[in-house]
Amino acid sequence: MRHRVELINKAFAASIKEEDYSGSYRGVFPIKVNQLREVIEEIQDAGQPYNYGLEAGSKPELMIALAMHENKEALIICNGYKDEDYIRLALYGTKIGKKAVIVAEQLSEVSRIIDIAKQLKVKPIIGFRARLNAQGEGKWALSSGDSAKFGLSTGEMLEACRLLESERLEDSLQLLHFHIGSQVPNMLTLKNAVVEGARYYCQLKKMGFAMGLLDVGGGLGIDYDGSRSNYDSSTNYTLEEYARDTVFNIKQICDSMEVPCPDIVSESGRAVSAPHSVLITEVVGRISKKDSMLKVAKDDIKHQVVADLYEMLNGRIRYGRLEKFHDALQKKEEAHSLFNLGYIDLEGRAQADSLFWQICSKLDNGKPRGYQPEELLDLKRLLADQYVCNFSVFQSLLDHWALDQLFPVAPLARHKERPSVNAILVDITCDSDGKVSKFIDLEDEKEYLPLHNLKKNEPYYLGIFLVGAYQDIMGDMHNLFGRVNEAHVFLEDDEEDGFYIEDTIYGNRVKDVLESVQYKSDSLCRQMKKQIDKAIKKDFVKPREGVRFMEMYEEQIQKKTYLDLESLKKSKPKR
């Protein structure tokens, strides 16, 4: 994170010097991207030499910002919908010497800011958020344009200006803000937004308002798939190009309108925090169609449809690959229909299923040449194993589930062995949606990931990278799994291993997640004890067995929510 903070500040500093730009760069970190205390502390410490500030989008976030913000030269940008308490908190921040800029998202907020500032006898620092005509791009495109949730239209902005003029608060309006969306893949989209935003800024400056700050919002993306392309999970520009184009376009507009260049503010959250975190999960099991493929002997076949499938697999008749797949699919569906009507027994149904998947596997293992039909290309996905991983998609990779966001996934060992298994990842939640089935590919994406065969008594770990933005904080309590264990690892050349672990933070216990949904652990234990006592009186269980059950219940309430891998290994059946 320190590296990322330094990188973005140095990129803007270099561009400002190169363009002979008269303003400076004053970045802020949007707390919503990752509100964890250790993240905010590290970013603040790294940003101290650059007067790097914070952005808040809610009252709780503003309370974090006010308490954590100690550099009086750094900004606090106050975004989001605001009630009186939010505005009052921000104005108190101004009163004690902080540069808290209250950005008006709606016209009604301007009147509220003026009234509360009068009550507190403080001169507010105000910004306007412009609802740009420029449309965003990517998964968050609808957060900008005419139908955007936030921002003042041109008419509303003129009315807000009149309100400030009527109160002689022209010096209070110091910032123009816009936001084009998150993870913008195309540099041209960002350029268009900067040009339009700079025009707004210059017009307000020419109307006699103090101004001085142009906030270009977020949008700076991360190249998740490494393709450097105009694709939702990538970017066709670098951080340095983003800084150069932002500085150049603002300077060009300001020079043409004879307006002094403003200080540039950006709210890059994903680009700062995404690379700092990696989710590590152990593969705890495997679900494979190969495990369910029975060895079918010709003499054991009692049904003609099964005999037909057996002949397709082992016979000498030469079909084309696609024709064989279509015939096998037809026979499998025929077997299912006969089973439902009672004409095939369970053994026959199992034989038909096994033979079908063996035919598919044989077709997939061939070495075809030339054009391949789409149905045959899809066999790899159909035959892919499911690797069961000890994590929750809903807790730790919510953007993958909700938005099809791609994250780089790779095994953490056995890098000199060629992967031989096509797999998708499934989590330990009880929902079928709890899986990762879209992965980065050289072109676009693929629906399986090449991994290694699992070895007995050898752990197999996977790393899921670039998960430091949003995933830590947006994950829900689905299945009450809660937060995972964390280790804070720092690279250090002086250390024997080249790194040291500064801190470890244990994930949620069962007790913690229960209390988050209004269950007191003591109360649950008392209720459980009452039921066990009743069961003992009715002689459903012996007293000693009841005591053991109660002890286990109390012990489990203090344990972690994720799978106990040691107990899993002990309980594995011997083969």
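The values are calculated or read from the model by the stated rules, or taken from the named source; none is laboratory data. On a predicted model such as this, the values are computed, not experimentally measured, just so you know. Using ideal geometry, Cβ is built from the backbone for each residue, glycine included, and neighbour counts are taken over all protein chains shown.
Can you pull out the residues in the range 94-111 that are under 19 Å from Leu213 (Cα atoms) and either crowded, with 19+ Cβ neighbours inside 10 Å or not assigned by TED's automatic domain parsing to the domain that holds Arg162 (or both)?
Thr94, Lys98, Lys99, Ala100, Val101, Ile102, Val103, Ala104, Glu105, Val110
Say we look at the range 380-424 and pick out the residues that are in contact with a His (Cβ under 9 Å, 6 or more places away or on another chain) and assigned to a strand (DSSP E or B); which of these is modelled with the lowest pLDDT?
Looking at residues that are in contact with a His (Cβ under 9 Å, 6 or more places away or on another chain) and assigned to a strand (DSSP E or B), I get Val421.
Take the residues in the range 550-568 that are polar (S, T, N, Q) and assigned to a loop (DSSP other than H, G, I, E, B), then tell me which one is nearest to Glu486 (Cα to Cα). Quick ask: steps written out before the conclusion?
Step one: filter the range 550-568 for residues polar (S, T, N, Q), giving 556, 558, 561, 567.
Going one step further and asking which of them are assigned to a loop (DSSP other than H, G, I, E, B), we end up with 558, 561.
Details: Gln558: 18, Thr561: 14 Å.
Only one residue tops the list, namely Thr561.
Is it true that Gly475 is farther than 15 Å from Lys560 by Cβ and at pLDDT 90 or above? Full working, then the answer.
Values: farther than 15 Å from Lys560 by Cβ: yes; at pLDDT 90 or above: no.
Against the criterion (farther than 15 Å from Lys560 by Cβ and at pLDDT 90 or above), Gly475 does not qualify.
It is to be established whether one or more residues within the range 339-355 are over 30 Å from Gly482 (Cα atoms) and of a type in the set (Phe, Trp, Tyr).
Scanning the range 339-355, I find at least one residue that is over 30 Å from Gly482 (Cα atoms) and of a type in the set (Phe, Trp, Tyr), so the answer is yes.
Which of the residues that make up the range 296-336 are surrounded by 13 or more Cβ atoms within 10 Å (Cβ to Cβ) and of a type in the set (Gly, Ala, Ser)?
Ala307, Ala328, Ala335 - these are the residues of the range 296-336 that are surrounded by 13 or more Cβ atoms within 10 Å (Cβ to Cβ) and of a type in the set (Gly, Ala, Ser).
Looking at the range 138-182, which of its residues are on the phi > 0 side of the Ramachandran plot and at pLDDT 80 or above? Can you show your working first?
Of the range 138-182, the ones on the phi > 0 side of the Ramachandran plot are 138, 145, 151, 168, 181.
Of everything in the range 138-182, those that are on the phi > 0 side of the Ramachandran plot and at pLDDT 80 or above turn out to be Gly151, Arg168, Gly181.
Consider only pairs whose beta carbons are under 9 Å apart and that are at least six residues apart or on different chains; among these, list those whose first residue lies in the range 536-548 and is closer than 19 Å to Cys525 by Cβ and whose second residue is among the acidic types (Asp, Glu) and assigned to a helix (DSSP H, G or I).
Going by the 9 Å Cβ cut-off, the qualifying pairs are Ile536/Glu545; Gly546/Asp533.
For the range 324-376, enumerate the residues that are assigned to a loop (DSSP other than H, G, I, E, B), under 40 Å from the mean Cα position of the chain (by Cα) and among the hydroxyl-bearing types (Ser, Thr, Tyr). Even if it seems obvious, please write down each step before you answer.
Pass one, the range 324-376, residues assigned to a loop (DSSP other than H, G, I, E, B): 342-345, 366-373.
Then drop every residue that is not under 40 Å from the mean Cα position of the chain (by Cα), which leaves 366-373.
Within the range 324-376, Tyr371 is the sole residue that qualifies.
So Leu514 fits all but one of (1) surrounded by 17 or more Cβ atoms within 10 Å (Cβ to Cβ); (2) under 30 Å from Asn230 (Cα atoms); (3) of a type outside the set (Lys, Arg); what number is the exception?
(2)
Restricting to the range 520-549, what's the tally of residues that are in contact with a helix residue (DSSP H, G or I) (Cβ under 8 Å, 6 or more places away or on another chain) and either part of a helix (DSSP H, G or I) or of a type in the set (Val, Ile, Thr) (or both)?
Number satisfying all stated conditions: 13.
Residues being among the aliphatic types (A, V, I, L, M), assigned to a helix (DSSP H, G or I) and touching a residue at least 40 places away in the same chain (Cβ under 8 Å): count how many of those fall in the range 269-313.
If we filter the range 269-313 for residues that are among the aliphatic types (A, V, I, L, M), which is where we start, we get 271-272, 274, 278-280, 283-284, 287, 293-294, 296-297, 301, 305-307, 309, 312-313.
Filter again for assigned to a helix (DSSP H, G or I), leaving 271-272, 274, 305-307, 309, 312-313.
If we keep only those that are touching a residue at least 40 places away in the same chain (Cβ under 8 Å) too, we end up with 271-272, 274, 305-306, 309, 312-313.
Count: 8.
Output the residues belonging to the range 171-186 that are in contact (Cβ under 8 Å) with a residue 60 or more places away in the chain and either small (Gly, Ala, Ser) or not assigned by TED's automatic domain parsing to the domain that holds Glu267 (or both).
Ser182
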